[in-house]
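Notes follow once the structure below has been shown.
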Protein chains: 2
Amino acid sequence: MSIEDSIIEDGSGREPLVPKAVVSRLSLYLRELQHLSRSEQKTISSSKLGRALGFTAAQVRKDFAYFGQFGYPGIGYRCDELIEQIKKILGTNKTWPVVLVGCGNMGQALLGYRGFAKQGFDVVAVVDVDKGVLGKTYQGLVVDHIDLLPEIVKRHSLRVAILAVPATAAADAADQILKSGITGILNFAPVTLNVPKNVSLIEVDLAMELEQLAFSVFQKNQGQ
Amino acid sequence: MSIEDSIIEDGSGREPLVPKAVVSRLSLYLRELQHLSRSEQKTISSSKLGRALGFTAAQVRKDFAYFGQFGYPGIGYRCDELIEQIKKILGTNKTWPVVLVGCGNMGQALLGYRGFAKQGFDVVAVVDVDKGVLGKTYQGLVVDHIDLLPEIVKRHSLRVAILAVPATAAADAADQILKSGITGILNFAPVTLNVPKNVSLIEVDLAMELEQLAFSVFQKNQGQ
């Protein structure tokens, strides 16, 4: 995740829309609201929502103001309503069909990852180049050759690919993904990809999680 | 990752040490400094470092002030020196031996993940309960039964475990991890674990990455 205050551009060359940091905070608000909703809390004020996450009430209101007016005077936000609004803003209120590129260990692990479906990502096709997996069925999906990607993308109107190939194969696989018309890549390959400006790229990097864990364990050991 | 302004406690009951948000930002500074160092930039000012990440110069200086005085008047920070200092603060300047709990698809994918070694995490043992993998060798490591965990933890002086078992097995595996004396868990199982306060827990959750990707692709499609 990036906390940069850089801007998400829409590739149209028009005025940029929303700072990345705001979109990151939307994810955090959503997580907190879902937590509140599970605890059967119906409403929350901007100051309490902010306090739970370390932001000011003004920051919370400013963030939501990019997208509309969601609070009620004297009530605050209605949790379930705001959850739906944020999902609508993020685009996770609908299902995104996606193709998984790479069906090795990481790919197979991701096929079993329930979080994709929970966030509205539905893996509808799997491609690879390895004869060891081509034609085999994983989680109900037959592995096709990556050369079929353009057809698959067209048939399912795909926008998004999950890239889970070894580092050495990543650049070639990314080329084929981009040629097929895909405009969003979630990259699990441990390499940095260069993609055109109109393509969205999210690199999954565990470095930060590992550093936070190291720091936390380190601190606790010093306390002993 | 959490951007909460909550505090990382050291479990000793003493005054808490450093806000989590500061530790998160240390990871971002480190990433940017490593990028600069690869571009052979020798020094950087707090304002330029902040600007690259969307923070003010004051924020940058305040964050580092928790840990000491790292800048030079009229020069700024020396990139390579600050990289080493941050690694030392985070505890990633040394090698952490870790045990991988779970050697299914996710576990095997993680065994092949080079990022762990890069951050100083060295997987020295693998445990599971599945007869299909017990006794087999993956990346040079023989899979032991999870019941051997206390011995393994003692033999290697382990502090950290990576949990990569299916959701249904996560609670039991976490129990065995905690009983073995481990004090830090990196959890890839898609469940929320409850751990004692003296245990560090980092939950790897792809939800945020998926939401950021959805939003970005969504915006670009609207621009068409």
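Scan the stretch B:129-182 for residues that are among the hydroxyl-bearing types (Ser, Thr, Tyr) and part of a loop (DSSP other than H, G, I, E, B) and report the count.
Within the stretch B:129-182, the subset among the hydroxyl-bearing types (Ser, Thr, Tyr) is B:137-138, B:157, B:168, B:180.
So of that shortlist, the ones also part of a loop (DSSP other than H, G, I, E, B) come out as B:157, B:180.
Residues meeting the conditions: 2.
Evaluate the following for residue A:60: is it in the same structural domain as residue A:18 (by TED's automatic domain parsing) and modelled with pLDDT of 90 or more? Quick ask: steps written out before the conclusion?
Numbers: in the same structural domain as residue A:18 (by TED's automatic domain parsing): yes; modelled with pLDDT of 90 or more: yes.
It is true that residue A:60 is in the same structural domain as residue A:18 (by TED's automatic domain parsing) and modelled with pLDDT of 90 or more.
Here are A:53, A:149: which of them is buried (at least 18 other Cβ atoms within 10 Å of the Cβ), in contact (Cβ under 8 Å) with a residue 40 or more places away in the chain and out of contact with any Gly (no Cβ under 7 Å at 6 or more places or on another chain)? Don't jump to the end; show me each part of the working.
Working: A:53 fails: in contact (Cβ under 8 Å) with a residue 40 or more places away in the chain.
Selected residue: A:149, the only one of A:53, A:149 that is buried (at least 18 other Cβ atoms within 10 Å of the Cβ), in contact (Cβ under 8 Å) with a residue 40 or more places away in the chain and out of contact with any Gly (no Cβ under 7 Å at 6 or more places or on another chain).
Criterion first (touching a Lys or Arg at 6+ places or on another chain (Cβ under 8 Å), more than 30 Å from residue A:132 (Cβ to Cβ) and of a type outside the set (Lys, Arg)) does residue A:30 satisfy it? Please lay out each step first, then the result.
Values: touching a Lys or Arg at 6+ places or on another chain (Cβ under 8 Å): yes; more than 30 Å from residue A:132 (Cβ to Cβ): yes; of a type outside the set (Lys, Arg): yes.
Yes: the conditions hold for residue A:30.
State the number of residues belonging to the stretch B:144-181 that are within 22 Å of residue A:113 (Cα to Cα) and away from chain A (no Cβ under 14 Å). Please lay out each step first, then the result.
Our first condition is that a residue be within 22 Å of residue A:113 (Cα to Cα); within the stretch B:144-181, this holds for B:161-174.
Next, only the ones that are away from chain A (no Cβ under 14 Å) stay: B:171-174.
Result for the stretch B:144-181: 4.
Would you mind stating whether residue B:68 is at pLDDT 90 or above, outside any helix (DSSP H, G or I), under 30 Å from residue B:197 (Cα atoms) and not assigned by TED's automatic domain parsing to the domain that holds residue B:150? Walk me through it before giving the result.
Details: at pLDDT 90 or above: yes; outside any helix (DSSP H, G or I): yes; under 30 Å from residue B:197 (Cα atoms): yes; not assigned by TED's automatic domain parsing to the domain that holds residue B:150: yes.
Judged against the criteria, residue B:68 is a match.
May I ask you to list the residues in the stretch A:120-143 that are within 13 Å of chain B (Cβ to nearest Cβ) and crowded, with 20+ Cβ neighbours inside 10 Å?
Narrowing the stretch A:120-143 to residues within 13 Å of chain B (Cβ to nearest Cβ): A:120-123, A:133, A:138-139.
Of everything in the stretch A:120-143, those that are within 13 Å of chain B (Cβ to nearest Cβ) and crowded, with 20+ Cβ neighbours inside 10 Å turn out to be A:121, A:123.
For the subset of the stretch B:187-204 comprising residues that are more than 7 Å from chain A (Cβ to nearest Cβ) and closer than 24 Å to residue A:87 by Cβ, which member is surrounded by the fewest Cβ atoms within 10 Å (Cβ to Cβ)? Break it down into steps so the answer makes sense when it comes.
At the first step, the residues of the stretch B:187-204 found to be more than 7 Å from chain A (Cβ to nearest Cβ) are B:187-189, B:191-197, B:199, B:201, B:203.
Filter once more, keeping what is closer than 24 Å to residue A:87 by Cβ: B:191-192, B:203.
Values: B:191: 15, B:192: 11, B:203: 17.
So the residue we want is B:192.
Considering only the stretch A:99-115, state which residues are facing chain B (nearest Cβ under 7 Å) and either surrounded by 21 or more Cβ atoms within 10 Å (Cβ to Cβ) or touching an Asp or Glu at 6+ places or on another chain (Cβ under 8 Å) (or both).
A:105, A:106, A:108, A:115
The values are calculated or read from the model by the stated rules, or taken from the named source; none is laboratory data. All values derive from a computational prediction rather than experimental measurement. Virtual Cβ from ideal backbone geometry, glycine too; neighbours counted across all protein chains shown.
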